[in-house]
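K.L.:
Take a look at this one; I'll ask things after.
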């Protein structure tokens, strides 16, 4: 429960927002070190640890009237019959007492808080707040582990909404609240980073006011208004929450706008954008491009013809033809005498690109070269030398491309595949090996447009929103694990008829911490369920030669069913594969499931994706899987995934590289995102953007 908080620190001087956290009373060297491990070093760091939820402590209950339904209640009265004893084999300390008010009495109990008996004896009258439950022994109502606050004699009840905090390093939530009560007065020293008139336009509070209001929210007088306010607080939808979100979103959108301006100030080699037909003839493409591919190729050719570096995000669903688009971009640069590097996140995907591009570039003078960490040392040296002297024009590799020993003669185009698996620093390290090279980043993980324009706002966006005519939709179904026998019988018949199948597990080995099916624990079970079927195994612990042997056998048909982990999410292209069985699908996000489903439906055979679930599937997970079964559209799934995760859950953003947001939520704050982008443009026109961004970086 909240006090007024002193304006001065432990040494008697006024507390400032930039002061180290050990100036607060009660923070010694041990707690200082523990908080530092949580990145809390200053008073501001502490105040940015905003509450996770809020409790309504405005209604005073009576002891004789509370119901033991587990809901919390606020009571006031005298405490008597305080006693401490031990319970259980481990001698757990238990404090029991009784609260008396003018309506009657109510039992009190605290577990593992024996120190509270002294506090109760010192306070003749107290406020107590906690859940009311039924005592399993006496069958009487009791208040369990309530918070205690001394009450002034004849003083009013402390009507307020109380902030609840998650633990912070060595501090529990209640101690965090006490420290925040001390620190919150320091917001008076916080400099406002945004122009005042912009905040007035948006009807948002100044930063100090927003932070103070989140820790000590005001209490509306009317009950209905109070309930609505509490709901807004717990949904992260108050003006104070929006104010902190605006800081983050403006820093994000303003920073990417600055990057874009800096890129256009660079000078790059331009390549003739009118030679697209020459490039196609050179590659001998055996099919017509889709209209979407034609449009995107045109956008890239226009970029390559400009005197500043292209920086474009190519977003396309699984099987939409991104590789062909990348090949046409590469040919344009190679024809102009430049070098091209394509970086993939895994060796499996790099090897798949080598095969695909090797077929496309077969009739040309440019043979793709491979550079990965597992190549023999002599082969690696030979490829590195060829890149350095310019005899190798096109290289495909993993992060081995960004090693210090790798240098290029004239790197003019960098292609990064599955961009969300790389950090900005890795992308930049490869770009820095050329002199302002053009950049094309690709992803088959569908990204909601609002998120793409934010996280990759320094890149121009191209979307392949049309599938080639030979791509078949994949039928998707959820099946119970108790029906696995029938599923495997169907899979056996499919293999006997010439089809091939994947069985995907979320883990290689069984884990005590995670409840999910594992590959190694099920391998023999699957083999017994598929008599006469040739089964192979593929996972990340296998070396390159082993992976290539199994992958090649699966492509040839020597292996009919491939047991695998998510190493097959990208980099496997087997048109004969017509079924994918995914075990414990609730362990995957919708976008990852969609990537896995994209391994089938690439040939003439009708294709199935079967999700095998246990009996204890949580309702929320069941809803997600039902949505997944209704559509093959990756963009719709990405939007649904983001919406289902809801405000405050950022794990869905991690796969797109946006998990650094602490206060903003891309789905909840879409409107604010557009506002921040517009605000960044206005500040740039006024020449104030750099100053505002500098102040925002200092704030967070």
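K.L.:
Quickly run through segment 517-531 and pick out the residues that are assigned to a loop (DSSP other than H, G, I, E, B), surrounded by 15 or more Cβ atoms within 10 Å (Cβ to Cβ) and over 27 Å from the mean Cα position of the chain (by Cα).
P.N.:
Residues of segment 517-531 that are assigned to a loop (DSSP other than H, G, I, E, B), as a first pass: 517, 530-531.
Now drop any that are not surrounded by 15 or more Cβ atoms within 10 Å (Cβ to Cβ), which leaves 517, 530.
Result: 530, single match.
K.L.:
What are the residues in segment 489-516 that are farther than 22 Å from residue 607 by Cβ and not in a strand (DSSP E or B), if any?
P.N.:
Answer for segment 489-516, where residues must be farther than 22 Å from residue 607 by Cβ and not in a strand (DSSP E or B): 508, 509, 510, 511, 512, 513, 514, 515, 516.
K.L.:
While we're on this one: Those residues that are over 15 Å from residue 198 (Cβ atoms) and either at pLDDT 90 or above or not in a helix (DSSP H, G or I) (or both), I need them from segment 666-680; list them, please.
P.N.:
Restricting attention to segment 666-680, the residues satisfying the condition of being over 15 Å from residue 198 (Cβ atoms) are 666-671, 673.
Passing the criteria: 666, 667, 668, 669.
K.L.:
Got a sec? Which of 71, 76, 122, 92 is over 25 Å from residue 162 (Cα atoms) and either assigned by TED's automatic domain parsing to the domain that holds residue 143 or in contact with a helix residue (DSSP H, G or I) (Cβ under 8 Å, 6 or more places away or on another chain) (or both)? Walk me through it before giving the result.
P.N.:
Numbers: 71 fails: over 25 Å from residue 162 (Cα atoms); 76 fails: over 25 Å from residue 162 (Cα atoms); 122 fails: over 25 Å from residue 162 (Cα atoms).
Result of the check over 71, 76, 122, 92: 92.
K.L.:
For segment 532-564: of the residues being assigned to a loop (DSSP other than H, G, I, E, B) and farther than 15 Å from residue 494 by Cβ, which is nearest to the chain's Cα centre (by Cα)? Before the answer, list the steps.
P.N.:
Within segment 532-564, the first condition is being assigned to a loop (DSSP other than H, G, I, E, B), and the residues that meet it are 532-534, 539-543, 557-560.
With farther than 15 Å from residue 494 by Cβ added as a condition, the list becomes 539-543, 558.
Numbers: 539: 24, 540: 22, 541: 25, 542: 28, 543: 29, 558: 39 Å.
Among those that are assigned to a loop (DSSP other than H, G, I, E, B) and farther than 15 Å from residue 494 by Cβ, it is 540.
K.L.:
Here's something else I'd like to know. For segment 129-149, enumerate the residues that are under 21 Å from residue 178 (Cβ atoms) and modelled with pLDDT under 90.
P.N.:
Residues satisfying the conditions are 147, 148, 149.
K.L.:
Still on this model: Among the residues of segment 613-622, is there at least one that is under 18 Å from residue 563 (Cα atoms) and surrounded by fewer than 23 Cβ atoms within 10 Å (Cβ to Cβ)?
P.N.:
Scanning segment 613-622, I find at least one residue that is under 18 Å from residue 563 (Cα atoms) and surrounded by fewer than 23 Cβ atoms within 10 Å (Cβ to Cβ), so the answer is yes.
K.L.:
Test residue 637 against the stated conditions and say whether it is touching a residue at least 40 places away in the same chain (Cβ under 8 Å) and either surrounded by fewer than 23 Cβ atoms within 10 Å (Cβ to Cβ) or outside the structural domain of residue 536 (by TED's automatic domain parsing) (or both). If you could, list the steps in order and put the result at the bottom.
P.N.:
Details: touching a residue at least 40 places away in the same chain (Cβ under 8 Å): yes; either surrounded by fewer than 23 Cβ atoms within 10 Å (Cβ to Cβ) or outside the structural domain of residue 536 (by TED's automatic domain parsing) (or both): yes.
In short, yes.
K.L.:
Given (1) outside any loop (DSSP other than H, G, I, E, B); (2) closer than 18 Å to residue 333 by Cα; (3) at pLDDT 90 or above, where does residue 292 come up short, assuming only one miss?
P.N.:
The one condition residue 292 does not meet is (2).
K.L.:
Further, regarding this structure: Just to be sure I understand, how many residues within segment 539-596 are on the phi > 0 side of the Ramachandran plot and touching a strand residue (DSSP E or B) at 6+ places or on another chain (Cβ under 9 Å)?
P.N.:
Here is the first cut: in segment 539-596, the residues on the phi > 0 side of the Ramachandran plot are 557, 571, 584.
Add one more test, that the residue is touching a strand residue (DSSP E or B) at 6+ places or on another chain (Cβ under 9 Å), and what stays is 557, 584.
Going through segment 539-596 one residue at a time, the tally reaches 2.
K.L.:
Give segment 518-540 a look and list any residue that's touching a residue at least 40 places away in the same chain (Cβ under 8 Å) and either touching a helix residue (DSSP H, G or I) at 6+ places or on another chain (Cβ under 8 Å) or outside the structural domain of residue 592 (by TED's automatic domain parsing) (or both), or say none.
P.N.:
Going residue by residue through segment 518-540, those that are touching a residue at least 40 places away in the same chain (Cβ under 8 Å) are 519, 522-523, 529-530, 532-533.
Result: 529, 530, 532, 533.
K.L.:
Moving on. Determine which single condition residue 11 fails, assuming it passes every other condition in (1) surrounded by fewer than 17 Cβ atoms within 10 Å (Cβ to Cβ); (2) in contact with a helix residue (DSSP H, G or I) (Cβ under 8 Å, 6 or more places away or on another chain); (3) at pLDDT 90 or above.
P.N.:
Only one criterion is unmet by residue 11, namely (3).
K.L.:
Would you please name the residue that is modelled with the highest pLDDT, looking only at residues in segment 548-571 that are surrounded by 22 or more Cβ atoms within 10 Å (Cβ to Cβ) and under 24 Å from residue 357 (Cα atoms)?
P.N.:
Per the criteria, the residue is 554.
K.L.:
Here's another thing I want to ask about it. With segment 136-229 as the region, which helices (runs of 4 or more DSSP H) entirely inside it contain at least 2 residues that are over 30 Å from residue 683 (Cα atoms) and in contact with a helix residue (DSSP H, G or I) (Cβ under 7 Å, 6 or more places away or on another chain)?
P.N.:
In segment 136-229, 173-183 are the helices (runs of 4 or more DSSP H) which contain 2 or more residues that are over 30 Å from residue 683 (Cα atoms) and in contact with a helix residue (DSSP H, G or I) (Cβ under 7 Å, 6 or more places away or on another chain).
This table checks each residue for (1) touching a helix residue (DSSP H, G or I) at 6+ places or on another chain (Cβ under 9 Å); (2) closer than 24 Å to residue 432 by Cα; (3) in the same structural domain as residue 592 (by TED's automatic domain parsing).
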site	(1), (2), (3)
321	yes, no, no
353	yes, yes, no
370	yes, yes, no
381	no, yes, no
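K.L.:
Please count how many residues of segment 230-246 are over 29 Å from residue 18 (Cβ atoms) and either over 25 Å from the mean Cα position of the chain (by Cα) or not in a loop (DSSP other than H, G, I, E, B) (or both).
P.N.:
Total meeting the criteria: 4.
K.L.:
Given the conditions (1) within 30 Å of the chain's Cα centre (by Cα); (2) surrounded by fewer than 20 Cβ atoms within 10 Å (Cβ to Cβ), which single one is not true for residue 405?
P.N.:
Exception for residue 405: condition (1).
K.L.:
May I ask you to verify whether residue 494 is surrounded by 15 or more Cβ atoms within 10 Å (Cβ to Cβ), assigned by TED's automatic domain parsing to the domain that holds residue 626, within 22 Å of residue 551 (Cα to Cα) and in contact with a strand residue (DSSP E or B) (Cβ under 7 Å, 6 or more places away or on another chain)? Reasoning before the result, please.
P.N.:
Details: surrounded by 15 or more Cβ atoms within 10 Å (Cβ to Cβ): yes; assigned by TED's automatic domain parsing to the domain that holds residue 626: yes; within 22 Å of residue 551 (Cα to Cα): yes; in contact with a strand residue (DSSP E or B) (Cβ under 7 Å, 6 or more places away or on another chain): yes.
Yes: the conditions hold for residue 494.
K.L.:
Tell me whether segment 573-581 contains one or more residues that are farther than 17 Å from residue 495 by Cβ, touching a helix residue (DSSP H, G or I) at 6+ places or on another chain (Cβ under 9 Å), in a loop (DSSP other than H, G, I, E, B) and at pLDDT below 90.
P.N.:
Going residue by residue through segment 573-581, those that are farther than 17 Å from residue 495 by Cβ are 573.
Filter once more, so that each one left must be touching a helix residue (DSSP H, G or I) at 6+ places or on another chain (Cβ under 9 Å): 573.
Within this subset, residues satisfying the condition of being in a loop (DSSP other than H, G, I, E, B) are 573.
Next, from what is left, pick out any that are at pLDDT below 90: 573.
Yes: segment 573-581 contains one or more residues that are farther than 17 Å from residue 495 by Cβ, touching a helix residue (DSSP H, G or I) at 6+ places or on another chain (Cβ under 9 Å), in a loop (DSSP other than H, G, I, E, B) and at pLDDT below 90.
K.L.:
What about residue 84, is it at pLDDT below 90 and in contact with a helix residue (DSSP H, G or I) (Cβ under 7 Å, 6 or more places away or on another chain)? Don't jump to the end; show me each part of the working.
P.N.:
On the way: at pLDDT below 90: yes; in contact with a helix residue (DSSP H, G or I) (Cβ under 7 Å, 6 or more places away or on another chain): yes.
In short, yes.
The values are calculated or read from the model by the stated rules, or taken from the named source; none is laboratory data. Just so it is clear, the model here is predicted, and its values are computed rather than measured. Reconstructed Cβ throughout: ideal geometry from the backbone, glycine too, with neighbour counts over all protein chains shown.
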